[in-house]
Amino acid sequence: MINKKGIEIYDDRLKPLLIPNAALKKLTDGAVHGEGPVYLPEDDSVIWSDAHGNRLLRWSPTEGNKVIRQPSHYQSGNYLDLQGRLVSCSQGQRAIIRQESDGEWKVLVDRYQGKRLNSPNDLVVKSDGTIWFSDPTFGITHENQGYGGEQEQAGDFVYRFDPETGEIDAVIKEMAKPNGLAFSPDESLLYVSDTSAAEHPQQHHYIRVYEVRENRYAENGRVFAVIEPGEPDGFRLDVHGNIFTSSADSVQVYAPDGTHLGKILVPEVCTNLTFGGREGNRLFITAKTSLYAIALNTSGLSIN
Ligand code: MG
């Protein structure tokens, strides 16, 4: 069933997550390829990447949309660390970077076992401060997503990086093109999307789920949900553990047991999303060119 506000409901469990009459609203546009939204509680703004436009943007309700870094070296996923600092994936620098208090960007890690990373795409900060990130090759194989170069790693891995010790481990090595990632509310599960179908249609467009052991291992991976149309580039969980994922036509919602609850239709290809707003219940959605928002009757697991 499709309601008047462009929401498709496949399971009644979606209804209590919605606010009646709340509608998707376009906040701004003008990006080449929006990605990596992160909410800043200090001023109710959203930082988002124009990943193919090589710019970092900031939208706020009072100042609108502004370019805050150009070139951004093809920055993609963004997140806040436990101190509220912006940590990001730099596809161009092939590194995880962090903005310091003086505004400068510092490379935190750009190598694994002495070899350069591919081009980190998306990341999440765990409650212990470790940064878990995906490292597909998009930034070295697509000239509009990075500066090219040779692939030095043996594959496209998911890493766990501890910024306190500098320790980096490859925690998932079996995926083709890992991309978005998020933990379950108790951090016992790690969800990771594989968007290899974007390059090779016969490959994957699904979210896998892994069991997290000892806060440092990801094991027993299995397919959680196959997402179509398009790919689940980025996604987030709400406080109940429901998964809100991007796709080509919508934000799609899955219950923790994998049931497809429904879709929030978006009028262009959806790339990533984050929860924010003063109550944590506003879903900010990056699409190909635009930033959208919709109020929900649930809140993000993290306002990041
Ligand atoms: Mg991504």
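What relative contact order, as a whole-number percentage, does region 28-153 give when Cα pairs under 8 Å and 6 or more residues apart are counted?
17 percent.
Using only Cα atoms, locate the centre of region 249-304 and the centre of region 1-67, then give the distance between them in Å, rounded to an integer.
7
For region 51-64, what does the Karplus curve 6.51 cos²θ - 1.76 cosθ + 1.60, with θ = phi - 60°, yield as ³J(HN,Hα) per residue in whole Hz, taken in order and with x for Gly and Pro?
Coupling constants for region 51-64: 5, 8, x, 6, 9, 10, 10, 9, 9, 9, x, 9, 10, x Hz.
Using the heavy atoms of the protein chains and a 1.4 angstrom probe, tell me the accessible area per residue for region 143-293 in square angstrom. Walk me through the numbers on the way to the answer.
Working: 5810 Å² over 151 residues.
Per residue, region 143-293 has 38 Å² of solvent-accessible surface.
What relative contact order, as a whole-number percentage, does the chain give when Cα pairs under 8 Å and 6 or more residues apart are counted?
17
For Arg213 paired with Gln83, estimate the spin-label separation in nm (one decimal), with each label point 7 Å from Cα along the Cα-to-Cβ line.
3.4
Assuming 0.36 nm per residue, please report the length gained on full extension of the stretch Ala295 to Gln203 beyond their Cα-Cα distance.
Gain in length upon complete extension: 29.7 nm.
Which entries of Lys66/Lys288; Lys25/Lys177; Lys66/Lys115; Lys5/Lys177 show an alpha-carbon separation above 29 angstrom in the structure shown?
The answer is Lys25/Lys177; Lys66/Lys115; Lys5/Lys177.
Among rounded, prolate and oblate, which fits region 7-295 when a ≥ b ≥ c are the square roots of the eigenvalues of its C-alpha gyration tensor, a/c under 1.5 means rounded, and a/b larger than b/c means prolate?
Rounded.
Want the number for Thr165 to Ala23: 0.36 nm per residue separation, take away the alpha-carbon distance, what's left?
46.6 nm
The values are calculated or read from the model by the stated rules, or taken from the named source; none is laboratory data. This one's a predicted model, so the numbers in the text were calculated from it and none came from an experiment. Here the Cβ is made from the backbone with ideal geometry for all residues, glycine too, and neighbour counts use every protein chain on show. Calculation scope for accessible area: heavy atoms of the full protein, side chains included, ligands and nucleic acids excluded. Shrake-Rupley method; radii C 1.70, N 1.55, O 1.52, S 1.80 Å.
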